[in-house]
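Below: one structure, written as structure tokens.
The values are calculated or read from the model by the stated rules, or taken from the named source; none is laboratory data. Keep in mind the model is a prediction, meaning the values are calculated, not measured. Note: ideal-geometry Cβ built from the backbone for every residue, glycine included; neighbour counts use all protein chains shown. Just the protein is used for accessible areas: all its heavy atoms, side chains included, with ligands, DNA and RNA removed. Shrake-Rupley method; radii C 1.70, N 1.55, O 1.52, S 1.80 Å.
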Amino acid sequence: MKPLHVLAIPLLAASLVAQAQSKQPNMPMPMKEPAQSQNTSNALTDAVVQRIEAAAGEVVLKHGDIPNLAMPPMTMAFDADKKTLSGLKVGDKVRFHAEIVDGRPKLTRVEHVR
């Protein structure tokens, strides 16, 4: 049979390691910044105008991926100013840029695709 002090050494070592770890300040894990390059933040997205609600200041687009908003392709409404809406009609193919403004997606740039 092994002497008691030989059996106690591994337990003491484990206890010391646990104490040392608990005394270290909590280090936050480094967070990765979103992968957003200059190209992505100003990228234009292809879309087709589905509906225009001029009175509501809204346009519904069936669009592709919107990288700067991390939004997959879908059909949805965007806020738009009257000048932007006046240049659009249902069925137009466009390229656009949108940002979140006051918690809502808003068109900030629209170009007709020729």
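From the list Asn26, Asn68, which one is out of contact with any Lys or Arg (no Cβ under 9 Å at 6 or more places or on another chain), modelled with pLDDT under 95 and open to solvent by 80 Å² or more (accessible area, probe 1.4 Å)? Spell out how you get there, then give the answer.
Values: Asn68 fails: open to solvent by 80 Å² or more (accessible area, probe 1.4 Å).
Only one candidate passes the filter, namely Asn26.
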Exercise for review: Consider Glu58 carefully, then state whether it is open to solvent by 30 Å² or more (accessible area, probe 1.4 Å) and over 11 Å from Leu107 (Cβ atoms).
Suggested key: no
**Study point:** Residues of region 29-59 classified as modelled with pLDDT of 95 or more and under 21 Å from the mean Cα position of the chain (by Cα), total
**Key:** 4
